[in-house]
Ligand code: NAD
C-alpha cells in the first residue's frame, strides 16, 4: 500500500490550483446534474432507453471509458473528498479510487445459465432493472460513485445518485467526470444523474419516485432502514464494527503490523476496517509492543477518559431498576473526529506526536464505548480475554449482528472455523489487514457496497440485475 510521497505532493498542489478555480459547475446537457429530482430521473430514464439499444460490447467500452476517467482523476477526487468532508487521508483515497476504477467487475460478471434437453433450450439471462437510485456515504464520496457507477451501468442500468450532502461536490464531480467520459466514448448522456443540491428531502423524493426501479443504499442503519421500508426492491449495505481476534498461535508481529495497516487505512473510515482488538491468553502485551513499533501510540489510565470526553458524546437518562432509579449513560461518536489523523486527535488532549503515528491504542474493558461503538477514527481499543471462547463471544456481541466483517490472526484452523461460524459476517479475513477482504492484497474483486443486511454480499454488476427466463420448446438442442 506504499505510494510515492513526492508524486502525491505534486498531484496535490496541481489539484489545489484546480480547486481554487471553484466547485464543480453543473452542466445539464452532458454531465448529469439537474436542479430537480424529477428532471434528473427523467433524464436517466431517457438514457436507460438509449443504453438498451447498445450492444454489450459497446456497453463494456463505455465502462472502460469510466474506468480510465476514474483512474486518471483518482488524485483530484481524493483531494476533493478529504478537503470537503474533512475526513480521511489523500494517499489512501487515491488508492481506493484507483482500485474502484480497476477492480470493480464489468459486463463479464453477467452470466447466462442454460438447460438443454429433450424439450429444447431454456436460458436464464441477467437483465437490467432500469433506473437505480443509489445513496452514497460521506466516508467514500467518490469511491462509491465509481464502484456503483461501473457496476450498475455494466449491468445495463442507469443511475440517479443521492450523495451525502457533506461531500456533495466530490460526488457530483465524480458523476460529471464519468458522464463526460461516456459521452466522449460515443455513449448516451446522463447515464449517471444527480441534483445540484443533494439532501435527505431529495433522497426521500427519489425513493418514492415512480421512475426509480430499484434502490441501493450504502451508509448507516438509518438509510438502510429507509430503503427497506420503501416498497421497492432494495439493497442495503449498512454499518459494521469489525472485531479482530488474535490468538496465541498467531504470528504476533505480523498480526500487529496488519492490524495497524488495516485500522489506519483512510483513518479508519472503511466499514470493513478493524475497530476493536480482542487478544487471547497471554499475547496481549507482546501485541501492544509490536503495534507501537508499527505506528501505534499507547495511552492508558486517565488519558483514556480524557480522549473519551473529546471523541464521544455522552447522554444520561434515569432508568427505573426495581424500586430504585439508576443513571443510564450512553455514548455516540463526535462527528468532528471521524476520519481525522491520530496526530490531530491526540493534539486535542494535549499530546504531541510525530506524523508517523497512525493509530491511538489503549487497553479497555469489554463494555467500553470505544469497543461498542463504530468510531471510524484511528482509535483502537484492545481487550484481553482468557480464552478463545470468551473472545468469540465478545466479538459476536460487539459486532451487533451487523453480519459485516470480522478478522482473525491465528494458525489454529479450529479456532478460525469456530469464530467464522459464530459471527456469520459477510467478510471474514484471516491473517491479513481487513482490506484484503475487498481484494486489496487478497484475491477477488473490489466493492464499496457490502450488502450484509439484504444478503447480496460484495455487490457487483450481477447484484443489479433481474433474472429473466427464455424458453424455446422442441428446438435448439443439437444433440
Ligand atoms: P449515513 O447513514 O449518515 O449517510 C449515508 C447516506 O444516506 C447519505 O447519502 C445520507 O444523506 C443518506 N441518509 C441518511 N439517513 C437517511 C434517511 N433517513 N433517509 C434518506 N437518506 C438518508 O452514513 P455516513 O456517515 O455517510 O457513512 C458511514 C456509515 O456508512 C458507517 O456506518 C459505515 O459503516 C457505513 N458504510 C457501509 C458500507 C457498506 O458497504 N456496508 C460502505 C461504506 C460505509
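The values are calculated or read from the model by the stated rules, or taken from the named source; none is laboratory data. All of these numbers come straight from a predicted model, not from anything done at the bench. Reconstructed Cβ throughout: ideal geometry from the backbone, glycine too, with neighbour counts over all protein chains shown.
From the list 217, 234, 261, the lone residue that is near the ligand (Cβ under 9 Å from one of its atoms) and under 18 Å from the mean Cα position of the chain (by Cα) is 217.
Name the residue that is nearest to the ligand (Cβ to nearest atom), counting only residues in region 403-453 that are part of a strand (DSSP E or B) and farther than 23 Å from residue 283 by Cβ. Checked region 403-453; the qualifying residue nearest to the ligand (Cβ to nearest atom) is 450.
Looking at region 180-207 only, could you name the residues that are touching a residue at least 24 places away in the same chain (Cβ under 8 Å) and either assigned to a strand (DSSP E or B) or within 11 Å of the ligand (Cβ to nearest atom) (or both)? Scanning region 180-207 gives 192, 193, 194, 195, 198, 199, 200, 202, 203, 205, 206, 207.
Could you go through region 37-46 and let me know if any residue there is touching a strand residue (DSSP E or B) at 6+ places or on another chain (Cβ under 9 Å), surrounded by 21 or more Cβ atoms within 10 Å (Cβ to Cβ) and more than 14 Å from residue 158 (Cβ to Cβ). Yes, because at least one residue in region 37-46 is touching a strand residue (DSSP E or B) at 6+ places or on another chain (Cβ under 9 Å), surrounded by 21 or more Cβ atoms within 10 Å (Cβ to Cβ) and more than 14 Å from residue 158 (Cβ to Cβ). Residue 192 meets each of the listed conditions (1) crowded, with 24+ Cβ neighbours inside 10 Å; (2) under 30 Å from residue 436 (Cα atoms); (3) over 20 Å from the mean Cα position of the chain (by Cα) apart from (3).
Here residue 282 passes the criteria (1) surrounded by 13 or more Cβ atoms within 10 Å (Cβ to Cβ); (2) in a loop (DSSP other than H, G, I, E, B); (3) away from the ligand (no atom under 16 Å from the Cβ) except the one numbered (1). Among what's in region 368-402 and is more than 24 Å from residue 437 (Cα to Cα) and out of contact with any helix residue (DSSP H, G or I) (no Cβ under 9 Å at 6 or more places or on another chain), pick the residue that is nearest to the ligand (Cβ to nearest atom). Selected residue: 390. Residues in region 106-145 that are in contact with a helix residue (DSSP H, G or I) (Cβ under 9 Å, 6 or more places away or on another chain) and more than 16 Å from the ligand (Cβ to nearest atom): 106, 107, 108, 109, 110, 111, 126, 128, 129, 130, 131.
When 288, 304, 319, 361 are checked against the criterion of being under 24 Å from the mean Cα position of the chain (by Cα) and either more than 27 Å from residue 93 (Cβ to Cβ) or outside any loop (DSSP other than H, G, I, E, B) (or both), 361 stands alone in meeting it.
Quick check: anything in region 325-333 at pLDDT 95 or above, under 23 Å from residue 399 (Cα atoms) and surrounded by fewer than 16 Cβ atoms within 10 Å (Cβ to Cβ)? The answer is yes; a qualifying residue exists. The residues listed here are 208, 233, 184, 254; of these, the one that is modelled with pLDDT of 95 or more and more than 28 Å from residue 31 (Cα to Cα) is 254.
No other residue among 409, 400 is at pLDDT 95 or above and closer than 23 Å to residue 312 by Cα apart from 400.
On the stretch given as region 208-232, residues that are surrounded by fewer than 17 Cβ atoms within 10 Å (Cβ to Cβ), touching a residue at least 12 places away in the same chain (Cβ under 8 Å) and outside any loop (DSSP other than H, G, I, E, B) total 2. Residues that are buried (at least 18 other Cβ atoms within 10 Å of the Cβ) and in contact (Cβ under 8 Å) with a residue 40 or more places away in the chain occur at least once in region 310-320.
Once region 150-168 is narrowed to residues that are outside any strand (DSSP E or B) and within 15 Å of the ligand (Cβ to nearest atom), the residue that is surrounded by the most Cβ atoms within 10 Å (Cβ to Cβ) is 151.
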